[in-house]
Amino acid sequence: MARISVPFVLSALAVMASAAPVSVQLQKRIAQTIADSTSDWEQACLTAGGGQKCNPISQVAFTSLLAAGKNCDQQDAADQMIDLAKTLNNDPEMIRLTQIFVQQPRNA
């Protein structure tokens, strides 16, 4: 039966640790600024008269694109965006921008 000594294990670990380090660059899967995903919608909402209702919905919407977002968060946010657009005379620009938002990739 072969025995492995403590000095042998320590020397093996030292050799592995001194080996050339592997350079790994981490990159974002999606190169996007999340807040930009709803900035045009928020501006259209303000133009349509949404006032103080625009920004909170915009924030919920763009945070739904983050990796921590749940599966349905993006669609739920889009539903809120459309609901507000409907209260503002079915604003076509808000609806169009919401349709674009729904197609945005998530960082999940």
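Place a point 7 Å from the Cα of Val102 along the Cα-to-Cβ direction; which residues of segment 52-67 have their backbone N under 19 Å from it? Flagged as within label range: 57-66. Above 21 angstrom, tally the Cα pairs of segment 46-108 and express them as a % of all pairs, no decimals. Of the Cα pairs, 18 percent sit more than 21 Å apart. With a cut-off of 15 Å between beta carbons, the residues surrounding Ser39 carry a summed charge of -3, where Lys and Arg count +1 and Asp and Glu -1.
Protein heavy-atom surface of segment 41-95, 1.4 angstrom probe: 52% of the accessible area is carbon and sulfur, with nucleic acids and ligands not counted.
The values are calculated or read from the model by the stated rules, or taken from the named source; none is laboratory data. Just so it is clear, the model here is predicted, and its values are computed rather than measured. Please note: Cβ atoms are built from the backbone with ideal geometry, for glycine as well, and neighbour counts cover all protein chains shown. Note: accessible area is taken over every heavy atom of the protein model, side chains too, but ligands, DNA and RNA are not part of it. Shrake-Rupley method; radii C 1.70, N 1.55, O 1.52, S 1.80 Å.
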